[in-house]
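Asks: Below you will find the structure I want to go over with you.
Coordinate-derived values only; no laboratory data. Computed from a predicted model, the values in this text were never measured in an experiment. Please note: Cβ atoms are built from the backbone with ideal geometry, for glycine as well, and neighbour counts cover all protein chains shown.
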Amino acid sequence: MPKTVRVIPPTIDRRTMSPADNPRNRRVAAYARVSTSLPEQLTSYEAQVEYYERYIKNHDGWDFAGIYTEM
C-alpha cells in the first residue's frame, strides 16, 4: 500500500506574521537622507522621496506608512 502525504497548511503568514487565514498588508515606511546642503543634493533628496513613495505604493501587500527624512 503506497504511503500518503498529508499537507498541513501554515497558520502564520511569514511575510506579515499575521494569521494565514486573515491576511493583512504590511505597513512600510521609508527613510531619505541628504548629508550636505549642496544644491546638487537637493535633487537627490527629491528623487529619493519620489522613488520610495512610488515603490512602496506600487508593491502588492504593502501599505504606505510615510517617509522619514533628514536634511
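Asks: Using the crude model of +1 on Lys and Arg Cβ and -1 on Asp and Glu Cβ, and no other charge, please compute the dipole size for the chain relative to its Cα centre, in debye to 20.
Replies: So the dipole magnitude of the chain works out to roughly 640 debye.
Asks: Any idea what angle helix 39-57 forms with the longest principal axis of the chain, computed on alpha-carbon atoms, 0 to 90 degrees, nearest 10?
Replies: Once rounded, the angle reads 20 degrees.
Asks: Here's a follow-up. Tell me, Kirkwood radius of the chain from alpha-carbon pair distances, in Å? Walk me through the intermediate numbers first.
Replies: Values: mean 1/r = 0.0655 Å⁻¹.
Over the chain, the inverse of the mean reciprocal pair distance is 15.3 Å.
Asks: What share of the DSSP beta bridges in the chain is antiparallel, in percent to the nearest 5? Intermediate results must be reported in sequence, preceding the final value.
Replies: Numbers: 1 of 9 bridges.
Of the beta bridges lying entirely in the chain, close to 10 percent run antiparallel.
Asks: Using just the helices of the chain, give the 222 nm mean residue ellipticity in deg cm²/dmol: DSSP H runs with n ≥ 4 each add -39,500 (n - 2.57), and the total is spread over all residues, rounded to 500. Numbers along the way, then the final one.
Replies: Details: 1 runs with 19 residues, N = 71.
-9000 deg cm²/dmol, from helical runs alone.
Asks: Here's something else I'd like to know. Taking the simple approach of a point 7 Å from Cα along Cα-to-Cβ for both residue 47 and residue 28, what is their distance in nm?
Replies: The answer from the label model is 2.1 nm.
Asks: Find which of 11, 44, 55 sits farthest along the positive direction of the dipole of the chain, computed with +1 on the beta-carbon of Lys and Arg, -1 on that of Asp and Glu, about the Cα centre.
Replies: Farthest towards the positive end: 11.
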